[in-house]
Structure formats: structure tokens, C-alpha cells
Amino acid sequence: MHEENKAAANGCGKIRSGAQNGAALLALMEKTGYSMVQQNGQRKFGGPPPGWEGPPPPRGCEVFVGKIPRDMYEDELVPVFERAGKIYELRLMMEFSGKFIGVCVSLDNCRLFIGAIPKDKKKEEILNEMKKVTEGVVDVIVYPNATDKTKNRGFAFVEYESHRAAAMARRRLIPGTFQPWGHTIQVDWADPEKVVDDETMQRVKVLYVRNLMISTTEDKIKAEFNKFKPGVVERVKKLRDYAFVHFFHREDAVAAMSVMNGKCIDGASIEVTLAKPANKESSWKQHFNGQISPSSENLLGFPNKEDGTQKSLGKPASLSVCLNGQHSPGPPEAEKSTYPIFPGIKLTPISMYSLKLNHFSSAVMHLDYFCHKNSWAPPEYCLYSTTSQDGKILLVYKVLISSIADDSQIYFMPEKLCTTVEDAKELAAQFTLLHL
């Protein structure tokens, strides 16, 4: 039996020739009036559709559909998706395969992370360079170096006018194909901005202040923000070159933001915005009640609640410890191989927070990374000791986790003792990760 007949007999679909595909797609375009263009590995149907007036749909109107069968094309997909509403644009990637599709709200990310940028480059230089090789650049966000405000931190965020423009730029900037200023840059999607509903933001009375000098003290910040209206600041929490300023009343926080944004403190021009509180899915109350947010599950590699399978984020750390009779989930295991540094090889400074999870083999480093990604204060470790019956000194760490934005705190301490400081700290970090 021919393959076509086998497929028909088994009800598994059909196999169409190139000519049949072309005829079907041509008929679709004639019927709908939409155009179709193929570019950079994807085929675009519409965008805008015929007769469309006004701007494109706003962010949040796009969905991502994955695992589309390889033998399914626009003539079959469009009627399915049109059941939900009028299609503005459909972009079909040509390499997907599978039997079942998955649909979720698209992140609609319009921002790229660009790493390994020379630290002496200014915002205008980076903006002009990105505009030369990519289309749809709206803005470039560059952070001054914490210790030297005349330099950048070696990375920038490039904002594009649309998710599609950002996706095209990401493909264009693949390392090795573009070397601005003679440097090989790193390119990846930036973490999506945290979205907080308007009702919650209307209650915020904490300001986020960045671009501070390392030497600037909390007392100095409090005094500066109290200048426009004495006694309005409740407290200040500073970390490295940024701080959170807590006010007694919201109206004073809003007024201070307007007055202080762009002001100089100890020679540094500061930026002031309202602090974004944790959203409902990752709020402190959920963590304190022992609940685990979806983002935490993905980060820590917990078993899937539905099928009990382990998420593929790596093996547990080498320290084999048991918490309440169960092995604790450690961080993903980093590659242990070593590579020679050849003469003349160029090394680029990089922040650990720009790395991926699989670069961390230590739970201590993993916990620090996790706190940073959630905009919490770095974990604080307090060491305690006792003596065993045979005279050995046994050690345990208590870990303090703090949310800077709302000043919440919680302690974690494992119920096991260790004989070395290193093992005690690793155990405490693993225990904390398990319970966050």
C-alpha cells in the first residue's frame, strides 16, 4: 500500500505535494484578501489584514501556538483560529513538528539583553550601533557602573517597537554574525517586565532609587528625601547602588518621586520610580504558607504535581543530604569540564546574574541568584554550633530571607548538623530553596 493510502486508511492525515500546497495557499489568499510573505525562517500571513485602519493591536493580543504538525499549513490553521476572532497576523515557523498543539498567552517581549558591550560606550553610541543593524529600535537602557559612573556595566537592554521586531533583531544579532566595536556580543531575551495591576500600584508608598554611589549611606538618602518635606520618610533600605525608600503616606512618596528624580546625591544623578510589589503568584504570603509558585517550580526543578516527573533542569548537587528523611532538591549541576586558557584569549567581565541556571553547581550561589531574580535582599547566614557526645563541634546555619520592597522577613534552618562550615552552609541553602 502506498504511503498516502496508508495515511488515509489509518486516519493519520494526508501528504500533499508542493503544487497542492501552493494551490491551497493561493486559494486562501484569494478568498481572504490577506498577503503572505516569507522572511527569516517564518511565513507571515496578514499584518495588517485588508481594510485595517488604525494602529496594530496592543500588547497582550497575541498567543503562541506550539507543536503544530509539519503537514499543516495556513489554509487549515486560519479557519481554526478564526473561530476565536478576526486574525490580524499569523506567523508560521517552518521547523515545528509534533501531534498535539499547545496554546498560551504570548509574552510579547519587546526587549533584548545585549551583553559583553565595551564599558566605555555611552547610551547614544550603543543606540546608534543597534539602529544600524536592526529595525524598530525604540530605546536603549544602559546602567552606569556601580563604582565608576562614567562607564556602563558591560550590558544593555534594547527596546523594540514590537515583539516581531525584537525577534528579527535577535536572529540578526546571533553571536559571530555581528561584532560591534570589534567585540563578540551576547544576545538573549530580557526577562519580561513585572506587570502589577493599577489597583495595587495605587497603594504603593515605597520608592525605588537607583544609580546611587556605593559610598552613599542610608542616613544620607533619608536626609535628602526628607528635605522637601521633613519627617515623611519612614525608613531606607540600601543595597549596593540602589535603595528602597519607605514613606508613611503614599501622597508624600508620589511627591518625592517627582521632586527627587534626576537629582544628584554625592555626585550621582539618581533615578526614582515607584517600587513594584510582588505579584499575587509570587507574594511573600504564598511562600510563608508553604505554597510554591509556578516560577519557583521551574527554577528549582521540583517534580510536576500532575505526573510526578522531574523537570529537566539538571541533577541534584553533589552534597548528599536528607531533610526529614527525603533528599533535598539541589540546584542544577554545572558542567565540570575544564578548558585551557590559550595565550591571547580575550576574557570579558560578566555579572553572575546574567548567567543561566546550569552554570551554578552550588546551592549557596543558586540561592543568591534566586533572591536577586525575585528582587529580594541577598540571603544572610548566621552560624550556630553545638558539641556532640564524642566531643565533635557540629555546625548549622540559619538563613534570613528579606523582601526589601515590603520589609518582610523569614528564617530557615535545617534540622541537621554538619561537621564543616562549607557543608553546613550548603545544607542551609538547599533547605531554604526547598521551602521557598
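When you look at ARG170, is it part of a helix (DSSP H, G or I), open to solvent by 60 Å² or more (accessible area, probe 1.4 Å) and not hydrophobic (A, V, I, L, M, F, W, C), yes or no? Answer is yes for this residue. ASN226 meets the conditions (1) among the polar types (S, T, N, Q); (2) at pLDDT below 90; (3) more than 30 Å from LEU347 (Cβ to Cβ) in every case but one. The failed one is (2).
With respect to the stated conditions, LEU367 fails to be modelled with pLDDT under 75, in contact with a Pro (Cβ under 7 Å, 6 or more places away or on another chain), of a type in the set (A, V, I, L, M, F, W, C) and open to solvent by less than 70 Å² (accessible area, probe 1.4 Å). Scanning the stretch 187-236 for residues that are within 30 Å of SER162 (Cα to Cα), part of a loop (DSSP other than H, G, I, E, B) and hydrophobic (A, V, I, L, M, F, W, C) yields a total of 4.
Residues in the stretch 379-408 that are in contact (Cβ under 8 Å) with a residue 60 or more places away in the chain and open to solvent by 60 Å² or more (accessible area, probe 1.4 Å): ASP406, ASP407.
Determine whether ASN128 is in the same structural domain as TRP181 (by the TED database), more than 23 Å from the chain's Cα centre (by Cα) and at negative phi. Yes; evaluated as a whole, the condition is true for this residue. Pairs meeting the criteria (first residue in the stretch 71-94 and farther than 21 Å from PRO57 by Cα, second residue among the basic types (Lys, Arg) and open to solvent by 60 Å² or more (accessible area, probe 1.4 Å), beta carbons under 8 Å, at least 6 apart or on different chains) are ASP71/LYS14. When ARG170 is tested against (1) in the same structural domain as VAL259 (by the TED database); (2) under 23 Å from VAL137 (Cβ atoms), just one condition goes unmet, and that condition is (1). Among residues that are closer than 24 Å to ARG210 by Cβ, at pLDDT below 85 and surrounded by fewer than 16 Cβ atoms within 10 Å (Cβ to Cβ), THR177 is not included. Any residue that is in a loop (DSSP other than H, G, I, E, B), open to solvent by less than 50 Å² (accessible area, probe 1.4 Å) and closer than 30 Å to ALA116 by Cβ - is there at least one of those in the stretch 409-425? No; the residues of the stretch 409-425 include none that is in a loop (DSSP other than H, G, I, E, B), open to solvent by less than 50 Å² (accessible area, probe 1.4 Å) and closer than 30 Å to ALA116 by Cβ. Only a single item in (1) under 26 Å from ALA169 (Cα atoms); (2) modelled with pLDDT under 75; (3) open to solvent by less than 70 Å² (accessible area, probe 1.4 Å) is not met by SER17, and it is number (1).
For every residue, the table says whether it meets (1) of a type in the set (Phe, Trp, Tyr); (2) touching a Lys or Arg at 6+ places or on another chain (Cβ under 7 Å); (3) more than 30 Å from PHE247 (Cβ to Cβ).
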{"residue": "HIS366", "(1), (2), (3)": "no, no, yes"}
{"residue": "PRO378", "(1), (2), (3)": "no, no, no"}
{"residue": "TYR381", "(1), (2), (3)": "yes, yes, yes"}
{"residue": "SER385", "(1), (2), (3)": "no, no, yes"}
{"residue": "GLN389", "(1), (2), (3)": "no, no, yes"}
{"residue": "ILE393", "(1), (2), (3)": "no, no, yes"}
{"residue": "ILE401", "(1), (2), (3)": "no, no, no"}
{"residue": "GLU415", "(1), (2), (3)": "no, no, yes"}
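Taken as a whole, the stretch 28-35 holds no residue that is part of a strand (DSSP E or B) and open to solvent by 30 Å² or more (accessible area, probe 1.4 Å).
This table checks each residue for (1) crowded, with 18+ Cβ neighbours inside 10 Å; (2) under 30 Å from MET213 (Cα atoms); (3) at pLDDT 90 or above.
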| residue | (1), (2), (3) |
| --- | --- |
| ARG59 | no, no, no |
| GLU74 | yes, no, no |
| ALA84 | no, no, no |
| MET93 | no, no, no |
| VAL103 | no, no, no |
| LEU112 | yes, yes, yes |
| ASN128 | no, yes, yes |
| GLY154 | yes, yes, no |
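Which one is nearest to ARG153 (Cα to Cα) among residues in the stretch 370-385 that are modelled with pLDDT under 80 and of a type outside the set (Gly, Ala, Ser)? Among those residues, the one meeting the criterion is LYS373. Scanning the stretch 230-243 for residues that are open to solvent by 20 Å² or more (accessible area, probe 1.4 Å) and either out of contact with any strand residue (DSSP E or B) (no Cβ under 6 Å at 6 or more places or on another chain) or of a type in the set (Phe, Trp, Tyr) (or both), we see that the one that is nearest to TYR143 (Cα to Cα) is TYR242.
The values are calculated or read from the model by the stated rules, or taken from the named source; none is laboratory data. Remember, predicted model here, so these are calculated numbers, not experimental data. Note that we place each Cβ from the backbone using ideal geometry, even for glycine, and neighbour counts take in every protein chain shown. Heavy atoms of the whole protein, side chains included, go into the accessibility calculation; ligands, DNA and RNA do not. Shrake-Rupley method; radii C 1.70, N 1.55, O 1.52, S 1.80 Å.
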